[in-house]
Amino acid sequence: MIPETDAIYQIYPRNFTKEGTLRAAIPQLGRIEAMGFDWVYLTPIHPIGKAARKGSLGSPYAIYDYRAINHELGSEADFAAFIDAAHAHRLKVMIDVVYNHTSPDSVLAREHPDWFLQGPDGRPGRKCGDWSDVVDFDYQASPHLWVELIDTLSMWRDRGVDGFRCDVASLVPADFWKQARVRVNQYDPGARKERAPLVWLAESVHPAFLRRMRQDGHGAWSEPELHAAAFDLTYDYDGWERLEVKIGV
């Protein structure tokens, strides 16, 4: 669980400092602590795919390799230094988990094309046509996909991460998140006796988008379903839809 008073500061690493690196962000942690924040949340820190890339830099949500650090942001040593510095400032670190999709040329798409949704041409495809720089996982394809992704979460846990913000979590099976939380929390208590339990934040989706996905025959999970399965926090799209009706948006 996470205290209701906790505040999360989001960092988009490549635009956060002039240098656009994790190492350059470290001197800013004292300022973030002084403002009263409890967490720093890093948007994706992994290498970006080149196939179907949007723009010259690409979207960090089109991930090439879940287990690596984007060299443009720094090295594994730089990431470790960032984690240590954040903890020294009494800040917990949350990283982005993008498990609905990868870049079309990702390590997993190349090694396990059968783990992905198949498009009309028999090649890996996607549920949202305008998300043209990614291909979506098929969570029914293989239990080995679940093992790989959960093992990756455990790896980042062991590197000192305190929480996960899960991108478009509503489009990933709730049963996967439930299993992931249980397994990732099965760490050696002696090795992490001074660490609090990991915090899980779901990027849920607007109910209208949820309904459209379901109408198109895709699995999609609501905020209550995500809370029941695994998550401490979700986005508040359910409340936003009610507010839209109230104010006539």
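Quick one: pull the percentage of alpha-carbon pairs in region 35-101 with a separation above 18 Å.
43 percent
If packing is taken as the average number of other Cβ atoms within 10 Å across a peptide's residues, how do 176-184, 1-9 rank, most packed first?
Top to bottom by mean Cβ count within 10 Å: 176-184, 1-9.
So what's the back-of-envelope 222 nm ellipticity for the chain, counting only DSSP H runs of four-plus at -39500 (n - 2.57) apiece and dividing by all residues, rounded to 500?
When only DSSP H runs of four or more count, the value is -9500 deg cm²/dmol.
Could you state the number of Å between the C-alpha centres of region 158-180 and region 1-72?
17 Å
For Y64, list long-range residues whose amide hydrogen, built 1.01 Å from N in the peptide plane, is under 5 Å from its own amide hydrogen.
I48, G49, S103
Please sort 213-219, 77-83 by packing, taking for each peptide the average over its residues of neighbouring beta carbons within 10 angstrom, highest first.
For the peptides 213-219, 77-83, the packing ranking is 77-83, 213-219.
Give me the aspartates and glutamates in straight-line cross-link reach of K18: C-alpha distance below 14 Å, same-chain residues under 8 apart excluded.
Here the aspartates and glutamates satisfying the reach criterion relative to K18 are E72.
Across the Cα atoms of region 1-50, what radius of gyration and what greatest pairwise Cα-Cα distance (Dmax) are found, in Å?
Spelled out, the Cα radius of gyration and Dmax of region 1-50 are 12.6, 40 Å.
Take region 8-247, drop everything but the C-alpha atoms, weight them equally and run the Debye formula without solvent; then report log10 I(q)/I(0) at 0.09 Å⁻¹ to two decimals.
-0.39
Please state the Cα pair-distance histogram of region 104-180 with 5 angstrom bins from zero: what percent is in each bin?
Reading upward from the zero bin: 3, 14, 22, 25, 20, 11, 4, 1, 0.
Quick one: L198, L226, fewest Cβ neighbours within 10 Å first, how do they rank?
L198, L226
With an 8 Å cut-off on Cα pairs and a minimum separation of 6 or more residues, tell me the relative contact order of the chain in percent.
16 percent
Starting at the first residue of region 178-183, write each ³J(HN,Hα) from the Karplus equation 6.51 cos²θ - 1.76 cosθ + 1.60 with θ = phi - 60°, in whole Hz, x for Gly and Pro.
Each residue's phi maps through the Karplus curve to give 4, 5, 4, 4, 4, 6 Hz.
Read the figures in this text as sums done on the coordinates, not as results from a lab. Note that the structure is a prediction, hence the values are computed from the model and not measured. We place every Cβ from the backbone using ideal geometry, glycine too, and count neighbours over all the protein chains shown.
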